[in-house]
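The values are calculated or read from the model by the stated rules, or taken from the named source; none is laboratory data. Since we're looking at a predicted model, the values are computed, not measured. No Cβ is skipped: glycine too gets one built from the backbone with ideal geometry, and neighbour counts run over all protein chains shown. Remember, those area values only see protein heavy atoms, side chains included, never the ligands or the DNA or RNA. Shrake-Rupley method; radii C 1.70, N 1.55, O 1.52, S 1.80 Å.
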Amino acid sequence: MSKIERTITLTEQLAERFAEMAETQGVEMSDLVNFTLERVLEWNRSRPAIADDRGQRQEARVDPRLDWWREARFGMFIHWGLYAIPAGTWKGKRIPGIGEWIMKRAHIPVAEYEQLAKQFNPVQFDAKEWVSIAKRAGQKYLTITSKHHDGFCLFKSEYTDYNMVDGTPFGRDPLKELAEECQKAGIKLCFYYSQTQDWHHPDGDGNDWDYHPQEQEFDLYVEHYVKPQVRELLTNYGPIGLIWFDTPKTMTEEQSQSLLELVHELQPDCLVSGRVGNTMGDYASAGDNRIPDVAVDLDWETPATINDTWGWKTYDHNWKSTEELIQKLVDIVSKNGNYLLNVGPTPEGLIPQPSVDRLLGMGKWLDTNGEAVYGTKAGPVQGVEWCRSTAKENKVYLHVFDWPEGGTIEVSIPGTVSGAYLLADPDKGALPVAQEKDQVVVSGPAEAPDAVDTVIVLTVE
Ligand code: JFZ
């Protein structure tokens, strides 16, 4: 039976089950379907934000190699590749889902998808500009898709011509140019690399419309393709902050372990993401756009989108507001996490303007309030709707999202509070503080000084 036939059979069976159930329960079939989908979404939301197998190796929790990353807290994710050309539309049809998955979602044959490389000519690409946007946004590291699931490589590789230098009219290596600019700007360059899914490679995971999965030799692909390419990435671009492996799927413990060892052998300081699989990462990876409810005692990161796609889609206009993004950053940092916020540049090589606007807005807020974000960890106030807290040395930073009426801020904090001031106040003018046991009451101005997040600094003994 072909894939299409199997899908049709399954769909028919599912429809029959729904029809049967709707009849016996005496409800409309469409209601039943909607109800079921709601439950599936609910189930997804109820799953832990950080899955066990994307966790952090225990030894890494205290490893000083992570110190730069713990200090950084905010990074730029870049999803860029051939998928930016169709940008969500294939042969006139809008393909649902995230942009970089178009090859799989539309079952585009390798021979056809490959042709996109001949059109990829991002003449407006300017590494300096991209890095400058990250810098002005207050982002301290930059993680770019060196190879995504579609198999196309943004870097010059000896192991395939399906790469930016050998396979496109552009002929330049954007990772080389980014490496130089990152070095100058003091931003850590990091590489996303899809180690399991590769819909182009005959032995890679995930393409069952061109290849027969039963006949594939995944181990050979890891040994003779993934590892040599990881070696290239860690040899040709200077010091790399981390390798962001993704969707471990079938990765065995041995395979995860050997990738981890290879990375650490080539660049001992280079970190490995939790999605290398089998709880072996240097830090844990939360589900996409997921934020845990309370602080997590791990080093972890949320990868997130500004709209709903990673790779550029012309018709995804569902942009989160700057205010929302600032609060998400603070929410994550207040729980010990890092925020890796994505942009999906166009096939011309430009970061979409709505993304730039929001990033620069975040940077502006961070210019004033960065002290309460960078190098901080989870603060003592947790699980409070209107307030988050971060902490560093003898300071607790209260992040007030919803300013209470009259400006009286009341929180529970262990330790003696010796003073309070608004972080945005250059004079650090003292705010009245009263404390009774753990209850601390700060008298702030009647009106919220910052509608998004007003930071109050508490000095704690
Ligand atoms: C993966 C990729 O498939 C996707 O294209 C993108 O690169 C994203 C950053 O990562 O997608 C995932 C991986 C893991 C989860 C969700 C989407 N997860 O654990 O919830």
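Among the residues making up segment 31-88, those that are charged (D, E, K, R), surrounded by fewer than 19 Cβ atoms within 10 Å (Cβ to Cβ), within 15 Å of the ligand (Cβ to nearest atom) and within 21 Å of MET280 (Cβ to Cβ) are ARG47, ASP52, ASP53.
For segment 304-315, the criterion of a residue being within 16 Å of the ligand (Cβ to nearest atom), closer than 16 Å to ARG61 by Cα and either assigned to a loop (DSSP other than H, G, I, E, B) or out of contact with any Cys (no Cβ under 6 Å at 6 or more places or on another chain) (or both) is satisfied by no position.
Of the residues making up segment 275-286, none is within 19 Å of TRP80 (Cα to Cα) and not in a loop (DSSP other than H, G, I, E, B).
Condition first: more than 22 Å from LYS176 (Cα to Cα), within 15 Å of the ligand (Cβ to nearest atom) and not small (Gly, Ala, Ser). Can you find one or more residues in segment 110-126 that meet it? The answer is no; no qualifying residue exists. Among the numbered criteria (1) open to solvent by 20 Å² or more (accessible area, probe 1.4 Å); (2) in a helix (DSSP H, G or I), which one does VAL230 miss? With (1) open to solvent by 20 Å² or more (accessible area, probe 1.4 Å); (2) in a helix (DSSP H, G or I) applied to VAL230, the lone miss is (1). Can you spot a residue in segment 392-408 that is modelled with pLDDT of 95 or more, over 18 Å from GLY444 (Cβ atoms) and buried (at least 18 other Cβ atoms within 10 Å of the Cβ)? The answer is no; no qualifying residue exists. Restricting LYS140, LYS135 to residues that are surrounded by fewer than 24 Cβ atoms within 10 Å (Cβ to Cβ) and farther than 22 Å from SER273 by Cβ narrows the list to LYS135. If the condition is being under 11 Å from ILE50 (Cβ atoms), within 14 Å of the ligand (Cβ to nearest atom) and either in contact with a Leu (Cβ under 8 Å, 6 or more places away or on another chain) or without any contact (Cβ under 8 Å) to a residue 12 or more places away in the chain (or both), then segment 282-303 contributes ALA284, GLU301, THR302. Look at segment 254-268: where a residue is β-branched (Val, Ile, Thr) and a partner is surrounded by 18 or more Cβ atoms within 10 Å (Cβ to Cβ) and in a helix (DSSP H, G or I), sitting 6+ places away or on another chain with Cβ atoms under 7 Å, you get VAL263/VAL230. Kindly check whether there is at least one residue in segment 280-289 that is surrounded by fewer than 18 Cβ atoms within 10 Å (Cβ to Cβ), under 22 Å from GLN58 (Cα atoms) and modelled with pLDDT under 95. Scanning segment 280-289 turns up at least one residue that is surrounded by fewer than 18 Cβ atoms within 10 Å (Cβ to Cβ), under 22 Å from GLN58 (Cα atoms) and modelled with pLDDT under 95.
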